[in-house]
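Participant: Before I ask anything, let me first share the structure, which is written out below as structure tokens.
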Amino acid sequence: MLSRRISVALRNLGTPFRSIQTSQPLDPNTTQEKQLSTKDALNLLQSQSKHFIMGKIYDRSYLLTPGDLVTLPRIQQPLGSVLNLSQISQVGSRDFTINGKPFVSNLSIPLTVVEHTRGKLEHKIKFKKRKGYRRAIPSKQPYTRLRVGQINWQS
């Protein structure tokens, strides 16, 4: 079975996808571009077994799969609360990838707050020039860990 890769550019919701790139040699009688609707492409992707997403969480992009743990700088959410990740710029599997312009619609992923933790102990040096005053100030950076849930395919 030859793997196929769909490179999709979404301009607006409901517009057809632009191009399909295949690893098979193309017939000279057929055209390289094939029109797919958003719904058809999501159904093709949903039929695959494992998925990945490229999403933005607090203005940083992360490559995630369902079940991953993400460590972020501290966010003010209680333990067990669920955040919805809707800014997904890319979703894909081994065979298909959908790129959003700027985001893929009809998808959301729940992120559950698992723990609030602190990083390793770091020493910051505080000093004054030419005075002989030097102090090492210990500090730990606060972090929040999020668990990535299953992809919600909305049609």
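Participant: Could you please find all residues in the range 30-59 being β-branched (Val, Ile, Thr) and either at pLDDT 85 or above or within 21 Å of GLN87 (Cα to Cα) (or both)?
Facilitator: THR38, ILE53, ILE57
Participant: Of all residues in the range 117-138 being exposed (fewer than 11 other Cβ atoms within 10 Å of the Cβ) and of a type in the set (Gly, Ala, Ser), which is nearest to GLN76 (Cα to Cα)?
Facilitator: Selected residue: ALA136.
Participant: Contact list please: Cβ distance under 8 Å, first residue in the range 65-86 and of a type in the set (A, V, I, L, M), second residue loosely packed, with under 11 Cβ neighbours inside 10 Å and in a strand (DSSP E or B), pairs at least six apart or on different chains.
Facilitator: Within 8 Å, the pairs are LEU72/ARG60.
Participant: A further question follows. Would you be able to say whether some residue in the range 143-154 is at pLDDT below 85, in contact with a helix residue (DSSP H, G or I) (Cβ under 6 Å, 6 or more places away or on another chain) and open to solvent by 30 Å² or more (accessible area, probe 1.4 Å)?
Facilitator: yes
Participant: Mind listing whichever residues of the range 62-84 are open to solvent by 70 Å² or more (accessible area, probe 1.4 Å) and farther than 14 Å from VAL148 by Cβ?
Facilitator: Answer for the range 62-84, where residues must be open to solvent by 70 Å² or more (accessible area, probe 1.4 Å) and farther than 14 Å from VAL148 by Cβ: ARG74, GLN76, PRO78, LEU79.
Participant: Starting from the range 40-61, take each residue that is β-branched (Val, Ile, Thr) and list its partners that are surrounded by fewer than 12 Cβ atoms within 10 Å (Cβ to Cβ), counting only C-beta distances under 8 angstrom and pairs at least six apart or across chains.
Facilitator: Qualifying pairs under 8 Å: ILE53/LEU63; ILE53/THR65.
Participant: Please pick out the residue among VAL114, VAL104 that is in contact with a strand residue (DSSP E or B) (Cβ under 9 Å, 6 or more places away or on another chain), surrounded by fewer than 16 Cβ atoms within 10 Å (Cβ to Cβ) and touching a residue at least 24 places away in the same chain (Cβ under 8 Å).
Facilitator: The conditions single out VAL114.
The values are calculated or read from the model by the stated rules, or taken from the named source; none is laboratory data. Fair warning: this is a prediction, and the values are worked out from it, not measured in the lab. No Cβ is skipped: glycine too gets one built from the backbone with ideal geometry, and neighbour counts run over all protein chains shown. The protein model used for the area step is the full one, side chains on, heavy atoms only, and it has no ligands, DNA or RNA in it. Shrake-Rupley method; radii C 1.70, N 1.55, O 1.52, S 1.80 Å.
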